[in-house]
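The values are calculated or read from the model by the stated rules, or taken from the named source; none is laboratory data. Please read all numbers here as calculations on a predicted model, not as lab measurements. Positions of Cβ are backbone-derived with ideal geometry, glycine not excepted, and every protein chain shown enters the neighbour counts. Keep in mind that these areas ignore ligands, DNA and RNA; they rest on the heavy atoms of the full protein, side chains included. Shrake-Rupley method; radii C 1.70, N 1.55, O 1.52, S 1.80 Å.
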Amino acid sequence: PFPAKGARLSDILGGVTGELSVAGDLSDQVAVSHEITPGLSTFGAGTIKAKLELEKGIVQDGSEYSLESKAFHLRVMGLDAGGSATVSGNTVKENGEHVTRMHVDLGAFQFVDPDDGSVDISGTGIKLDAEWKGFSIAGHVPASSVALDLPTAEIHDISTFNALIPDDAGLALDSGTGQVTAKLEIKERVATGTLDLVAREIDLESHGTPLV
């Protein structure tokens with residue numbers, strides 16, 4: 001039986017075998033958030049073109065897709081970057097496995113405060129590459145490797161980095177500006193990377209006490 005009204009497209013296609021071709025505009029109502037790996041997800045509506053070879057929902061060799069989005073979101077460890085993006089991907093057979101690779105080029109982007117809509121960080125050129133072995137259209141398989149490159153970006157409100165500080169650290173960034181550059185790599189759920197932060201006029205506190 002056909003899934004109930006309101007079911008996600010990924011759920012509908014999760015067990016399908018055959019060829020699927022799609023070309024057209026993907027609206028916000030149809031687009032869904034896709035978790036690439038825990039703590040890293042994407043969401044985007046826009047113009048999509050895809051030719052997918054599926055076997056029980058697993059993307060097969062010969063598949064390819066692209067998305068041009070003017071409202072793309074990249075969520076990283078609680079931070080949300082939005083902007084225009086180009087997404088492309090394909091699947092090839094390597095060593096007997098169907099390997100799917102995705103590339104995201106996020107042009108001018110902004111990290112926006114979810115509470116008041118103010119811009120916390122802005123810049124140009126975030127790049128994301130991800131690879132899956134046996135990619136499921138239902139999105140249940142995390143990427144086997146991920147590389148995220150954040151070029152130098154302007155920090156308008158450094159308190160946005162409080163989302164990255166563990167609650168039990170007792171440290172809070174109250175205000176300040178600066179610049180940030182970051183690289184993140186994840187292989188088999190093990191993350192490594194660097195974050196270079198240059199801060200100006202920073203105010204912070206430890207366990208509620210301002211630090212001078």
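Things worth noting here:
- Pairs spanning more than 21 Å between alpha-carbon atoms, out of LYS93/LYS133; LYS70/LYS183; LYS49/LYS70; LYS51/LYS93; LYS51/LYS127: LYS70/LYS183; LYS51/LYS127.
- Pair-distance distribution P(r) for the chain, from all Cα-Cα distances in 10 Å bins starting at 0: 8, 30, 32, 18, 9, 3, 0 percent.
- Cα-centre dipole for the stretch 160-212 with unit charges at Cβ (Lys and Arg positive, Asp and Glu negative), debye to 20: 280 debye
- The mean accessible area for residues of the chain, using a 1.4 Å probe and ignoring ligands and nucleic acids, is 56 Å² per residue.
- What the pair-distance distribution of the stretch 137-212 shows, using all Cα-Cα distances binned every 5 Å from zero, is 3, 13, 17, 19, 16, 13, 10, 5, 2, 0, 0 percent.
- The stretch 42-115 and the stretch 141-212 have their alpha-carbon centroids 24 Å apart.
- Look at the alpha carbon pairs under 8 Å that are at least 6 residues apart: their mean separation over the length of the chain gives a relative contact order of 13 percent.
- Label point distance in nm, LYS187-VAL119, each placed 7 Å from Cα along Cα→Cβ: 3.7 nm
- With N as its number of residues, the stretch 50-145 has a Cα radius of gyration that, divided by 2.2 N^0.38 Å, comes to 1.24.
- Inter-label distance for LEU79 and ASP129, nm, one decimal - labels placed 7 Å from Cα along Cα-to-Cβ: 2.1 nm
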